[in-house]
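Here the structure comes first, spelled out in structure tokens, and everything after it is commentary.
The values are calculated or read from the model by the stated rules, or taken from the named source; none is laboratory data. Not measured: the values here are computed from a predicted model. Please note: Cβ atoms are built from the backbone with ideal geometry, for glycine as well, and neighbour counts cover all protein chains shown. These area figures cover heavy atoms from the full protein model, side chains too; ligands, DNA and RNA do not enter into them. Shrake-Rupley method; radii C 1.70, N 1.55, O 1.52, S 1.80 Å.
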Amino acid sequence: MDWVEFPSLGRRDLRDLRLAVDGSFKEFTRAYGETLESIFEPLKTFLVWLESLLITSPWPLVLLGLLAIVFVMSRSVKITVGSMIALLLIGYFGMWEDTMRTIAMVAVCTLVAIVCGIPIGILMARSDRAQALVNPVLDLMQTMPSFVYLIPVVMIFGLGKVPGVIAVVIYAIPPMIRLTNLGIRLVDTDVLEAADAFGSSAWQKLTNVQLPLALPTIMAGINQCIMMSLAMVVVASMIGVKGLGQPVLQAINNQYFTMGVMNGLAIVAIAIIFDRATQAYGKRLQKHSEVVHG
């Protein structure tokens with residue numbers, strides 16, 4: 001027996017295996033590609049509408065709207081003023097339109113991650129079997145290189161906004177699911193026993209006790225989801241997603257140092273704004289829950 005070379009499939013068998021898998025996936029794409037595209041068409045329409053709203057509206061109104069959202073979430077004049085300075089500098093250096101495209105993309109991806117992630121997290125919190133099944137999938141989603149799952153998405157949907165949204169959501173949704181599961185599981189058993197003593201149904205216990213108490217942890221999941229969505233901006237630009245990622249990719253290809261740094265700093269500025277606003281909101285929720293539940 002040869003102990004030097006590891007036993008493996010022959011080249012012909014490996015080639016046949018690859019051809020069989022690739023051929024099956026291509027057949028699946030031909031058979032169901034149009035159906036899948038039609039399913040995601042409303043999402044594409046909403047993203048195009050939001051992007052158009054941010055770009056075509058007068059910039060002072062957009063700026064005021066964004067600052068109002070930041071202030072409502074953070075209730076901090078300091079964070080709001082810092083956000084205003086960052087957005088004004090972004091616009092002054094000619095990156096306003098790309099930034100609005102990126103904000104629209106991140107907002108839609110975060111919304112999809114919340115709508116899909118919270119129910120899965122609730123299911124995991126209520127069932128150990130579901131947790132055992134979903135956790136390996138989340139591990140795969142978080143450790144698989146993002147370039148790998150771009151391949152099937154692009155094969156089905158081609159280049160454009162929809163594959164970008166799907167790729168970003170796949171990368172960003174695991175923290176949303178994990179922290180929803182964790183937040184619900186960490187709810188004090190004494191509180192749950194008190195809810196049972198008052199005759200609460202499973203739905204009432206979930207909506208009136210578990211979710212409100214888990215909300216700060218869920219907000220941390222939303223925060224991480226936003227950060228990971230922004231981290232995927234440059235990768236998503238490789239499949240036709242417009243925004244701050246495209247100039248960065250162009251700067252890499254053409255070795256434009258200044259362009260890359262400026263757009264990279266714009267991404268950092270947007271990340272800091274989202275991070276500070278969501279963190280402040282999460283802390284407010286934490287204090288509120290401590291006051292209400294003692």
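This model, with +1 at the C-beta of Lys and Arg and -1 at the C-beta of Asp and Glu, gives region 137-223 a dipole about its Cα centre of some 400 debye.
Assuming a ≥ b ≥ c are the square roots of the Cα gyration tensor eigenvalues, decide whether region 68-200 counts as rounded (a/c under 1.5), prolate (otherwise, with a/b larger than b/c) or oblate. It is oblate, given that a/c is not under 1.5 and a/b is not larger than b/c. Listed by chain and number, the aspartates and glutamates whose alpha-carbon sits under 17 Å from that of Lys78, ignoring those within fewer than 8 places in the same chain, are Asp275. For Lys44, the lysines whose Cα falls under 25 Å of its own Cα, not counting residues fewer than eight places away in the same chain, are Lys26, Lys161, Lys242.
Shape class of region 1-142 from the Cα gyration tensor (axes a ≥ b ≥ c, square roots of the eigenvalues): prolate, since a/c reaches 1.5 or more and a/b is larger than b/c. In a simple Cβ point-charge model (Lys, Arg +1; Asp, Glu -1; nothing else charged), the chain has a dipole of about 520 debye relative to its Cα centre.
The packing ranking, built from the mean of other Cβ atoms within 10 Å per residue, places the peptides 58-64, 20-26 in the order 58-64, 20-26, highest first. Taking region 191-277, which chymotrypsin sites (Phe, Trp or Tyr not before Pro) meet the DSSP loop condition and have no more than 14 other C-beta atoms within 10 Å? Taking region 191-277 and a limit of 14 other Cβ atoms within 10 Å, the loop chymotrypsin sites (Phe, Trp or Tyr not before Pro) found are Phe198. Between the listed residues Gly245, Ile222, Gly94, the Cα displaced farthest toward the positive end of the dipole of the chain, a dipole computed from Cβ unit charges relative to the Cα centre, is found at Gly94. On a C-alpha basis, how far is the centre of region 207-230 from the centre of region 163-195 in Å? Whole number, if you could? Cα centroid to Cα centroid, the span is 7 Å. Computed over protein heavy atoms with a 1.4 Å probe, the carbon and sulfur contribution to the accessible area of region 1-122 reaches 69%. Within the assembled protein chains, the solvent-accessible surface assigned to Phe147 is about 110 Å², based on a 1.4 Å probe.
Accessible surface area normalised per residue over region 87-199 is 48 Å², counting heavy atoms of protein chains with a 1.4 Å rolling probe.
Here is the size of the chain from its Cα atoms: Rg then Dmax, 22.6, 75 Å.
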